[in-house]
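Below is one structure; the comments refer to it alone.
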Amino acid sequence: MAKDLKMIEFLKAKRTAIDNLKAIQLNLTRCVGEGMIDSDDAYYNELLAFIDEASLSKSWGELIEVISKAKILEVDVAAWLSGHGQTSISLPWPKFPKGE
């Protein structure tokens, strides 16, 4: 039973991480559509890679790694948006169970 609860927590965290990445992607796409330039689609391509990595993660360790990189990208995209006069909000990333 405890194992099932851990799996449910993992799947919820995975869904939250993917949703957050898609929210960043949506905001980035909107801003690029308004004329802001994402050089060589660097942020967009990183987001796609992180969405794939999060979707394919099978353990807390893999998911933690993706989320750590995604948080850095979130800050980078927020700074990029700020440089173009746009604002963003900080996303609520999943918390990990103790011992993971």
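Values computed for the structure shown
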{"read-out": "Within region 1-97, helices (runs of 4 or more DSSP H) holding 1 or more residues that are among the acidic types (Asp, Glu) and loosely packed, with under 10 Cβ neighbours inside 10 Å", "value": "2-33"}
{"read-out": "Selection within region 28-75 - touching a Phe, Trp or Tyr at 6+ places or on another chain (Cβ under 7 Å) and on the phi > 0 side of the Ramachandran plot", "value": "none"}
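Since every read-out is calculated from the coordinates, none of them should be taken as a lab result. From a predicted model like this one, the values you see are computed outputs, not experimental measurements. Cβ sites come from the backbone with ideal geometry, for glycine too, and all protein chains shown count toward neighbours.
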